[in-house]
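The values are calculated or read from the model by the stated rules, or taken from the named source; none is laboratory data. Because the structure is a prediction, the values reported are computed rather than measured. We place every Cβ from the backbone using ideal geometry, glycine too, and count neighbours over all the protein chains shown.
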Amino acid sequence: MGGDGRGVAAWQLAVPYTVRMRLDIRLIYWAMCLVSWLPLRAVHAVGAGVGHLMLWRRTSSVRHMDTNLRIVRPQATRAEHATLLHAVARECGKSASEYSPGGTERSTRSSSIR
């Protein structure tokens with residue numbers, strides 16, 4: 001027990017909160033921290049790759065996107081639907097990759113596209 005009266009040892013207060021994360025979550029967290037230092041175009045390329053990976057793995061997010069697209073565009077042909085699903089998954093991956101665990105100052109630093 002620590003001397004602060006809250007039942008937390010002093011060394012636990014000094015250790016970053018990532019120590020209490022599961023290993024897979026910690027790896028994702030640090031990968032996102034590294035990606036946040038890339039230029040925005042590179043971040044979007046990584047995000048598009050994540051979108052393709054989601055399609056390949058057929059995650060629950062992709063199943064939700066598929067269902068929503070079928071509701072919104074019932075008249076679309078199979079080819080149109082597949083093309084639209086790929087585009088939505090890419091944009092979803094780009095959007096997710098823009099999240100920066102380190103805060104918004106990094107993402108605004110890299111937002112000047114030339």
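Would it be correct to say that THR104 is of a type outside the set (A, V, I, L, M) and at pLDDT 95 or above? No. Across the range 62-78, the number of residues qualifying as surrounded by 12 or more Cβ atoms within 10 Å (Cβ to Cβ) and assigned to a loop (DSSP other than H, G, I, E, B) comes to 2.
Pairing residues of the range 27-40 that are within 13 Å of TYR99 (Cβ to Cβ) with residues that are in a helix (DSSP H, G or I) and modelled with pLDDT of 85 or more, at Cβ distances under 7 Å and at least 6 apart in sequence or on separate chains, gives VAL35/VAL43; VAL35/VAL46; VAL35/SER97. Is it true that some residue in the range 49-61 is at pLDDT below 80 and part of a helix (DSSP H, G or I)? No: the range 49-61 contains no residue that is at pLDDT below 80 and part of a helix (DSSP H, G or I).
Return a yes/no flag: does the range 7-25 have any residue that is modelled with pLDDT of 80 or more and acidic (Asp, Glu).
yes
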